[in-house]
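Colleague: Below are the structure tokens for one structure; questions will follow.
The values are calculated or read from the model by the stated rules, or taken from the named source; none is laboratory data. Keep in mind the model is a prediction, meaning the values are calculated, not measured. Note that we place each Cβ from the backbone using ideal geometry, even for glycine, and neighbour counts take in every protein chain shown. Just so you know, the surface numbers come from the protein's heavy atoms only, side chains and all, with ligands and any DNA or RNA stripped out. Shrake-Rupley method; radii C 1.70, N 1.55, O 1.52, S 1.80 Å.
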Amino acid sequence: MQPFMAHPFDSDRLHEECGIFGAIGVVDASNFVALGLHALQHRGQEAGGIVAHHPDFGFNSAHRFGYVRDNFTKPELMATLPGQLAIGHVRYSTAGTKANTAIRDVQPFFGEFHMGGCAIAHNGNITNAAALRRELIERGSIFQSSSDSECIIHLMARSIQRNIPERMKDALRRVEGAFSVIAMTRTKLIGVRDALGVRPLVLGKVGEDGYVLASETCALDIIGAEFLREVEPGEMVVISKGQIESSRPFGPSTGRFCIFEHVYFSRPDSIIGGRSVYETRRQIGVELAREAPVEADLVCPVPDSGTPAAIGYAQESGIPYGMGIIRNQYMGRTFIEPTDQIRNMGVRLKLNVNRALIRGKRVVLVDDSVVRGTTSRKIKDMIIDAGAAEVHFRIASPPTAWPCFYGVDTPDRDKLLAANMSPEQMREWIGVDSLSFVSLDGLYRAAGEAAGRDPQAPRYCDACFSGDYPVAPFDQLERGFRMKVGSETAVKQAAE
């Protein structure tokens, strides 16, 4: 079977690397996990996997390329994953062999220790994975995948602790970067976030004795689970026999949650930090309208990620809102081979202009971000071809000028438009009448920080906008990456 082929024009978007889900204390836990992964499909469409445990049949696993709906809805497959304990993972590669994924790279990963088996699913990116991998291979470890996540299993195997949760603590103390991990033993479901809490993880309850862990609250909704709370930054929860034990393996910490979860990655019906993702995105549009007003006839979102911000912009500005661009809802996989002729159709495979609405109008286009800028140019061309009088781009995030090393598939810095051009140069290159981004302070205000961003103690990880890396990307520094001068936290850590 060939690896899942992403849409050929998705390369101009930032991609979250994965979503994770686990369930314990429910009959046919793998079915709950499959439903949870379906709700998290937006976090990874390349491949997925589930590992389940049954007292009589032990650990069983299934790993497949493609969508959850195409694989983990088949009764004959789900029957091979019995038990009341299971975890799962949907993947978009950020480490390993991108665009040429082998099935061995698909999580969850499984390891057999003398005290029993353990499977893990990891959301995030290990920034010192290359150094750890070299060390482990020199000491005799044999890797089965190209994924950085497999380092955790090997570190656990080398720990001298007597039980799996303690071995996991040992392993994760060696790991740098960002991680939310869900793991399972024969009797326990384990969830842990890194000390900064960069990547999300939530805890829910289902039925009398069942518990679930998930990347987002929308995955709890699909199975009717009650949202209990977020797993806190630096916290480990161990769930067994209907009991939850909490510990702090990394000591006290101050969170730096990824702000791009608010902008793009999380589903708009999820809740983050007690805030509706939809409402935050709508409020970004409000901030944009205040910071970058323009005389226009129509506010139009670039669907679907620009929709809430466009609604906020229209409400604040008083400019009518309209669906000037229609998205083809069935454009998941490329329905024919992406030949050069098909590629040249650009985004028309995915988006189409509502010509009757656009013609003769001064249009404000609202999108979530500009990465390489190629898609923005194509969308502008479509709007102009449809007869728009003017095109004004408003972007619901600051300029993306720095790559992310914490679990987001970001191009190298020399391919990021904002790293190589001023806003005015970007406007000219895209070919629009005006171009404005929400300010970093405006983004923080929309996310609930009334005073904006505190440069001395920012609440969020915003390195892709600011260049301020909260954890030094050691592997990238070895490869010659140059951090922004004044990236205080990361520079200090790198020196140490």
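Colleague: If you go through segment 154-188 one residue at a time, how many are open to solvent by 20 Å² or more (accessible area, probe 1.4 Å), farther than 16 Å from Val238 by Cβ and among the β-branched types (Val, Ile, Thr)?
Modeller: The total comes to 1.
Colleague: Now for a separate question. Can you tell me which residues in segment 168-194 are in contact with a strand residue (DSSP E or B) (Cβ under 9 Å, 6 or more places away or on another chain), among the charged types (D, E, K, R) and not in a strand (DSSP E or B)? Don't jump to the end; show me each part of the working.
Modeller: Kept after step one, since they are in contact with a strand residue (DSSP E or B) (Cβ under 9 Å, 6 or more places away or on another chain), are these residues of segment 168-194: 168-169, 172, 175-194.
Now narrow it down to the ones that are among the charged types (D, E, K, R): 169, 176, 186, 188, 193-194.
Selection gives Lys169, Glu176, Arg186, Lys188, Asp194.
Colleague: Is there a residue in segment 375-387 that is assigned to a loop (DSSP other than H, G, I, E, B), among the hydroxyl-bearing types (Ser, Thr, Tyr) and touching a strand residue (DSSP E or B) at 6+ places or on another chain (Cβ under 9 Å)?
Modeller: no
Colleague: Identify the residue in segment 130-153 that is open to solvent by 30 Å² or more (accessible area, probe 1.4 Å), within 27 Å of the chain's Cα centre (by Cα) and not charged (D, E, K, R) and, among all such residues, is nearest to Glu235 (Cα to Cα).
Modeller: Residue satisfying both the conditions and the ranking: Ala131.
Colleague: I'm checking my understanding of the structure. Among residues of segment 195-206 that are hydrophobic (A, V, I, L, M, F, W, C) and part of a strand (DSSP E or B), which one is farthest from Gln243 (Cα to Cα)?
Modeller: Val202
Colleague: Among the strands (runs of 3 or more DSSP E) lying completely within segment 71-160, list those that include at least 3 residues that are touching a Gly at 6+ places or on another chain (Cβ under 8 Å).
Modeller: Ranges flagged: 85-91, 116-126.
Colleague: Looking at segment 207-314, what strands (runs of 3 or more DSSP E) fall wholly within it and have at least 1 residues that are surrounded by 20 or more Cβ atoms within 10 Å (Cβ to Cβ)?
Modeller: Hits in segment 207-314: 210-214, 226-230, 236-240, 298-301.
Colleague: Residues in segment 437-454 that are among the basic types (Lys, Arg) and more than 20 Å from Ala310 (Cβ to Cβ): how many?
Modeller: Of the residues in segment 437-454, 1 are among the basic types (Lys, Arg) and more than 20 Å from Ala310 (Cβ to Cβ).
Colleague: Hey, another quick one. Just to be sure I understand, how many residues within segment 110-128 are open to solvent by 10 Å² or more (accessible area, probe 1.4 Å) and within 19 Å of Gly177 (Cα to Cα)?
Modeller: Residues in segment 110-128 being open to solvent by 10 Å² or more (accessible area, probe 1.4 Å) and within 19 Å of Gly177 (Cα to Cα): 2 in total.
Colleague: Something else now. From the list Leu213, Leu201, Leu189, Leu172, which residue is aliphatic (A, V, I, L, M) and touching a helix residue (DSSP H, G or I) at 6+ places or on another chain (Cβ under 8 Å)?
Modeller: Working: Leu213 fails: touching a helix residue (DSSP H, G or I) at 6+ places or on another chain (Cβ under 8 Å); Leu201 fails: touching a helix residue (DSSP H, G or I) at 6+ places or on another chain (Cβ under 8 Å); Leu189 fails: touching a helix residue (DSSP H, G or I) at 6+ places or on another chain (Cβ under 8 Å).
After applying the criteria, what remains is Leu172.
Colleague: Residue under question is Ala472, and the condition is that it be assigned to a helix (DSSP H, G or I) and open to solvent by less than 50 Å² (accessible area, probe 1.4 Å); does it hold?
Modeller: Considered against the rule, which asks whether it is assigned to a helix (DSSP H, G or I) and open to solvent by less than 50 Å² (accessible area, probe 1.4 Å), Ala472 comes out as no.
Colleague: Tell me which residues, restricted to segment 248-267, are in contact (Cβ under 8 Å) with a residue 24 or more places away in the chain, out of contact with any Lys or Arg (no Cβ under 6 Å at 6 or more places or on another chain) and not aromatic (Phe, Trp, Tyr).
Modeller: Gly251, Ser253, Thr254, Gly255, Arg256, Cys258, Ile259, Glu261, His262, Val263, Ser266, Arg267
Colleague: Let me ask something additional. All but one of (1) over 24 Å from Val408 (Cβ atoms); (2) in contact with a Leu (Cβ under 9 Å, 6 or more places away or on another chain); (3) modelled with pLDDT under 70; (4) surrounded by 15 or more Cβ atoms within 10 Å (Cβ to Cβ) hold for Phe335, so report the exception by its number.
Modeller: (4)
Colleague: Then there's this: Please work out if Val485 is at pLDDT below 95, within 19 Å of the chain's Cα centre (by Cα) and not in a helix (DSSP H, G or I).
Modeller: no
This table checks each residue for (1) under 22 Å from Arg43 (Cα atoms); (2) in contact with a Lys or Arg (Cβ under 8 Å, 6 or more places away or on another chain); (3) among the acidic types (Asp, Glu).
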site: Val353; (1), (2), (3): no, no, no
site: Lys380; (1), (2), (3): no, no, no
site: Ala386; (1), (2), (3): no, yes, no
site: Ser397; (1), (2), (3): yes, no, no
site: Asp409; (1), (2), (3): yes, yes, yes
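Colleague: Sticking with this structure for a sec: Out of (1) closer than 20 Å to Ser266 by Cα; (2) buried (at least 22 other Cβ atoms within 10 Å of the Cβ), the odd one out for Arg445 is which?
Modeller: So the condition that Arg445 fails would be (2).
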